[in-house]
Amino acid sequence: MTHDEVVLAPRMEGFGARLRASGPEASAAHAHLVECRLDEASLTRLDLAGATLTDVAVTGLRTAEVSAPDGAWRNVEVTGGRIGTLAGLRMRWDAVTLRSVRIDYLSLPSAEMADVLIVDCTIGALDLPEARLDRVRFDGTRVDEVDTRRIRATDLDLRGLEAASFTDVRALAGAWLEPRQVEFHALAFAEALGIRVTS
């Protein structure tokens with residue numbers, strides 16, 4: 001990796017670069033970034049719509065919004081920082097790690113996610129309607145609400161997830177849970193099965 005410094009720009013081709021923004025808003029829409037780094041950026045908005053990121057490390061990003069619909073991320077690690085909204089309609093995540101990130105709203109409807117690890121994160125709302133999840137794991141992560149409507153999941157490990165609620169617990173069929181999680185969500189499971197629970 002050469003670590004030449006380059007400014008984020010739409011449709012750019014970046015290889016082995018240290019990325020930076022030229023102002024409070026940055027766009028790398030439809031860019032191709034390979035073996036790049038983005039460190040300690042503070043932005044109001046980062047546009048990654050349709051961008052392809054491969055072997056990219058993002059550290060300490062602070063921004064109100066990351067807009068990344070139709071993006072493709074492979075071997076990407078996002079570490080630390082604070083993101084208001086990360087919006088990724090129809091994103092493709094392959095070997096992506098989110099580590100120690102605070103995200104108020106993580107929206108990934110109709111996303112395709114494989115070999116994803118979300119560790120030591122705090123997330124307000126996690127929206128995954130109609131997403132496909134293969135080998136997705138959580139570790140030491142807290143989420144207020146998870147929208148699981150019509151997800152399709154294979155090898156979904158939720159044992160490291162502290163979730164206050166799931167929109168549709170029926171979508172968790174086949175997922176890994178710990179006994180304490182099952183106890184916490186027992187009423188929701190019962191209601192989903194049509195069981196009447198009274199005190």
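The values are calculated or read from the model by the stated rules, or taken from the named source; none is laboratory data. Treat the numbers as computed from the prediction; the structure is a model and nothing was measured. Reconstructed Cβ throughout: ideal geometry from the backbone, glycine too, with neighbour counts over all protein chains shown. Areas reflect the complete protein model, heavy atoms only, side chains present, ligands, DNA and RNA absent. Shrake-Rupley method; radii C 1.70, N 1.55, O 1.52, S 1.80 Å.
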Can you compute the equivalent ellipsoid semi-axes for region 55-94, i.e. the square root of 5 times each eigenvalue of the Cα gyration tensor, sorted largest first and rounded to whole Å? 17, 14, 6
Region 123-188: radius of gyration and largest Cα-Cα distance (Dmax), Å: 10.7, 27
Considering only C-alpha atoms, what is the centroid distance from region 66-90 to region 158-199, in Å? 28
Computed Kirkwood radius, in angstrom, where 1/r is averaged over Cα pairs of the chain: 17.3
When every protein chain stays in place and a 1.4 Å probe is rolled, HIS185, HIS30 sorted by accessible area with the largest first are HIS30, HIS185
Taking R0 as 35 Å and r as the Cβ-Cβ distance between GLU183 and THR44, the FRET efficiency 1/(1 + (r/R0)^6), rounded to the nearest 0.05, comes to 0.25
Per residue, accessible area of region 1-120 with a 1.4 Å probe, heavy atoms of protein chains only, in Å², comes to 43
Counting only protein heavy atoms and a 1.4 Å probe, tell me what percentage of the chain's accessible area is made up of carbon and sulfur. 48
FRET E, pair SER22, THR59, Förster distance 25 Å, beta-carbon r, rounded to 0.05: 0.85
Between ARG142 and ASP4, how many nm apart are label points set 7 Å from Cα along the C-beta direction? 4.5
So for the pair VAL119, SER199, with labels modelled 7 Å out along Cα→Cβ, what separation do we get in nm? 4.2
By how many nm would the segment from ARG152 to HIS30 grow when fully extended, if each residue of separation counts as 0.36 nm and the alpha-carbon distance is taken off? 41.2 nm
